[in-house]
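Participant: Pasting in a structure now, in structure tokens, and then I'll have a few things to ask.
Just so it is clear, none of the values below were taken in a lab; they were calculated from the coordinates. As the structure is a computational prediction, the values presented were derived from the model and not from experiment. Cβ atoms come from the backbone with ideal geometry, glycine included; neighbour counts cover every protein chain shown.
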Ligand code: B16
Ligand code: MG
């Protein structure tokens, strides 16, 4: 029985996944590293430094730790510029309704984003009050695909992980949910998210009664 639903942010509730891609693409072009939307698939859900390491794999030269930190900060600057004007209009159709349906059904909700910008974003999107808990990505030692993000949310909510469902758009997120022994709902392409327990095209495609009956 599902007692809590854990929501990913980027790519599930709002389209910041594309803003992340554009920010990485700008940086990659500047340093001459080949990067496209296909390569970006592996970065989804992965934390900032982990994403940078993946992007740098095909860079023309190596970067030391201080340089990598500067590159990560530069990407975050581009990203923050892109999300500056975000507001409730940037929620995916059905996102607020999905959260409200959980609350109405008596389920606990948490935000399980790997993004250090997540708390700012949920404020701008106007959905902060619909979460019982928001994971602080800055306190997570092992990011997705490690289960730590999900287990920390379950612990904060006081719900056994096996009674949690998670909604994720990224391969890394689905892997983390399954490692946490949670029910994994993928949002996106079933071919990309083949290991998920269920896949829907978008958050508005979620059949809430079905999830509640699991
Ligand atoms: P930041 P999610 C993740 O958010 C993104 O999918 C991923 O692309 C990004 O690198 C990561 O957050 C870190 O974001 O640089 O803002 O700390 O999908 O877990 O909500
Ligand atoms: Mg995501």
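Participant: Calculate for the chain the 222 nm mean residue ellipticity that helices alone would give, adding -39,500 (n - 2.57) per DSSP H run of length 4 or more and normalising by residue count, nearest 500 deg cm²/dmol.
Facilitator: Value at 222 nm, helices only, nearest 500: -12000 deg cm²/dmol.
Participant: Something else now. With the contact rule set at Cα under 8 Å and sequence spacing of 6 or more, what percent relative contact order holds for the chain?
Facilitator: 27 percent
Participant: Between residue 18 and residue 42, what is 0.36 nm times their sequence separation minus the Cα-Cα distance? Round to one decimal in nm.
Facilitator: 7.3 nm is the gain from fully extending residue 18 to residue 42.
Participant: Among 49, 55, which comes first, then next, by fewest other beta-carbon atoms within 10 Å?
Facilitator: Listing 49, 55 from fewest to most nearby Cβ atoms yields 49, 55.
Participant: Roughly speaking, what is the centre-to-centre gap between region 182-196 and region 1-62 when only Cα atoms are used, to the nearest Å?
Facilitator: 18 Å
Participant: Relative to the present Cα-Cα distance, how much length would full extension add between residue 31 and residue 181 at 0.36 nm per residue of separation?
Facilitator: Between residue 31 and residue 181, full extension yields 50.0 nm more.
Participant: Got the relative contact order for region 29-149 handy, in percent, Cα pairs under 8 Å and 6 or more residues apart?
Facilitator: Working: 100 pairs, mean separation 29.2, N = 121.
Normalised by residue count, the contact order of region 29-149 is 24 percent.
Participant: Let me know the Rg and Dmax you get for region 82-143 when you use only its Cα atoms, in Å.
Facilitator: 12.3, 35
Participant: Under a crude label model (7 Å from the Cα following the beta-carbon direction), how far is residue 139 from residue 58 in nanometres?
Facilitator: 3.8 nm
Participant: Please report, in cubic angstrom per residue, the volume enclosed by the convex hull of the alpha-carbon atoms of the chain.
Facilitator: In the chain, the Cα hull volume divided by residue count equals 107 Å³.
Participant: With everything on Cα atoms, drop me the angle between helix 148-157 and the longest principal axis of the chain, reported from 0 to 90° to the nearest 10.
Facilitator: Between the helix axis and the principal axis of the chain, the angle is about 40 degrees.
Participant: Any chance you could check the Cα centroid distance between region 76-94 and region 116-157 for me, in angstrom?
Facilitator: With region 76-94 and region 116-157 each reduced to a Cα centre, they are spaced 17 Å.
Participant: Measure nothing but the geometry: give the 0 to 90° angle between the long axis through the Cα atoms of 65-82 and the longest principal axis through the Cα atoms of the chain, rounded to 10°.
Facilitator: Between helix and principal axis, roughly 60 degrees.
Participant: Give the peptides 96-103, 173-180 in descending order of average Cβ contacts within 10 Å, highest first.
Facilitator: Details: 96-103: 18.0, 173-180: 24.5.
Highest to lowest by the protection proxy: 173-180, 96-103.
Participant: Could you calculate, for region 1-119, the ratio of the Cα radius of gyration to the Kirkwood radius, expressed as Rg to Rh?
Facilitator: 1.05
Participant: Would you kindly state how much longer the chain becomes between residue 65 and residue 97 on full extension, computed as 0.36 nm times their sequence separation minus their alpha carbon distance, in nm to one decimal?
Facilitator: So the chain would gain 7.2 nm between residue 65 and residue 97.
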